Amino acid sequence: MTKHNWYQLSPNQRAAIPEGARLAEIDARLDVLEIEGHALLKAMRPKPAKSIEAVVANLSVAARLIFVEDHPEAHGLITRAARDLAAFSGGK
């Protein structure tokens, strides 16, 4: 990145560098995954859970859909809540 002044290059210039082409592919895939994750979260039914296990399952899904790198506090809160609820319910 330093060698090529990465942050001063345009997206086309970055893609022309062999490493840049691969990073562009990764970025594009992450964009798709983020869109899919938002769609999945939106599709989750807002019905009340019928058990603690269902709450844990919903939180586990949410934790997988939220990137820890993008939202570390939210991800930590969700995973901790799922773990705590599972412990309260006997570890199921």
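Here, each number is a calculation from the coordinates, and none is a lab measurement. The shown structure was predicted, so the numbers you read here are calculated from the model rather than taken from an experiment. Every residue, glycine among them, receives a Cβ derived from its backbone with ideal geometry; neighbour counts consider all protein chains shown.
Values as computed for the structure displayed
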{"item": "Translational diffusion coefficient (Stokes-Einstein; Kirkwood radius from C-alpha pairs) of the chain at 4 °C, 1.567 mPa s, in µm²/s", "result": "82"}
{"item": "66, 17 arranged by Cβ crowding within 10 Å, fewest neighbours leading", "result": "17, 66"}
{"item": "Size of electric dipole in the chain: Cβ of Lys, Arg +1 and of Asp, Glu -1, about Cα centre, debye, nearest 20", "result": "380"}
{"item": "Shape parameters for region 1-43, alpha-carbon atoms, Rg then Dmax in Å", "result": "13.8, 44"}
{"item": "Residue among 30, 59, 49 farthest towards the positive dipole end of the chain, charges placed on Cβ", "result": "49"}
{"item": "Angle between the chain longest axis and helix 72-88 axis [Cα atoms, degrees, rounded to 10]", "result": "30"}
{"item": "Highest-MSF residue in the chain out of 81, 16, 57 [GNM, Cα springs under 10 Å]", "result": "16"}
